[in-house]
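Right, one structure below, let's go through it.
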Amino acid sequence: MVLPLILLGALGALSLFGGARTLREARGFRSRARRTSGIILGIHTDRHNDQQTTYPVLRFHTIEGAEVETTSNVNEGPFYLTRMRGRQVPVLYDPADPRKACIDGRSGRGQVRSGYGIIGLGVVFLLAATGYVVFTFL
C-alpha cells in the first residue's frame, strides 16, 4: 500500500528537480547568449530507441569575428531543416563557448517551455501522491 505513494512522490520530486534544472539552464543560456545570423549547413540525425531526432548544423560568426561551425543541441523538425538548409537564420550562442548554439526561434525558446512542462508533470505526480494518501489512509 505504501509503494504507490513512494513511487508517485519520488517521480514528482524527480520531475520537479529535473524541470527546475532544465529551466535554470535554458534561462541561463538565453540571458548570456549573443545573437547573430548564421546559415544552416546541414542536418545531424540521432537515432535512439527507434526514434529519430534532427539537429541543425550551423555556421555563424561571433561578434568578435570568429567563424564557428557546430551542431546545435536543440532539435528541430526535419521538414523545417530541409526547407531552410542553406538559408540564413537567427542564431543564439554562448560567448564563453560558441559551440553551444541554437536557432533563435520557437525551438530555442522551447527549452524554457520544456522546463515548465516537466515541473507541471512533477506537480501532477505529487497531487496524485497526495490523493492516494487522502483516499487510502484517511
- Query: Which is surrounded by 15 or more Cβ atoms within 10 Å (Cβ to Cβ) and either at pLDDT 90 or above or over 25 Å from A20 (Cβ atoms) (or both), of F135, F60?
  - Reply: F60
- Note on the structure: Only one of (1) of a type in the set (D, E, K, R); (2) loosely packed, with under 14 Cβ neighbours inside 10 Å; (3) within 22 Å of R34 (Cβ to Cβ); (4) at pLDDT below 95 does not apply to D50, and that is (3)
- What are the residues in the stretch 71-106 that are over 13 Å from R35 (Cα atoms), out of contact with any Pro (no Cβ under 7 Å at 6 or more places or on another chain) and among the hydroxyl-bearing types (S, T, Y), if any? T71, Y80, T82
- Message: When you scan the stretch 112-132, do you find a residue that is part of a helix (DSSP H, G or I), closer than 25 Å to R30 by Cβ and free of Cβ contacts under 8 Å to residues at least 60 places away in the same chain, even just one?
- Response: yes
- Task: Inspect all residues belonging to the stretch 18-41 and state whether any of them is surrounded by 13 or more Cβ atoms within 10 Å (Cβ to Cβ), without any contact (Cβ under 8 Å) to a residue 40 or more places away in the chain, in contact with a Phe, Trp or Tyr (Cβ under 8 Å, 6 or more places away or on another chain) and not aliphatic (A, V, I, L, M).
- Result: no
- Message: When the residues of the stretch 82-119 are narrowed to those that are at pLDDT 90 or above and loosely packed, with under 13 Cβ neighbours inside 10 Å, which ends up farthest from T70 (Cα to Cα)?
- Response: R83
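The values are calculated or read from the model by the stated rules, or taken from the named source; none is laboratory data. Note that the coordinates shown come from a computational prediction; the quantities given were computed from them, not determined experimentally. No Cβ is skipped: glycine too gets one built from the backbone with ideal geometry, and neighbour counts run over all protein chains shown.
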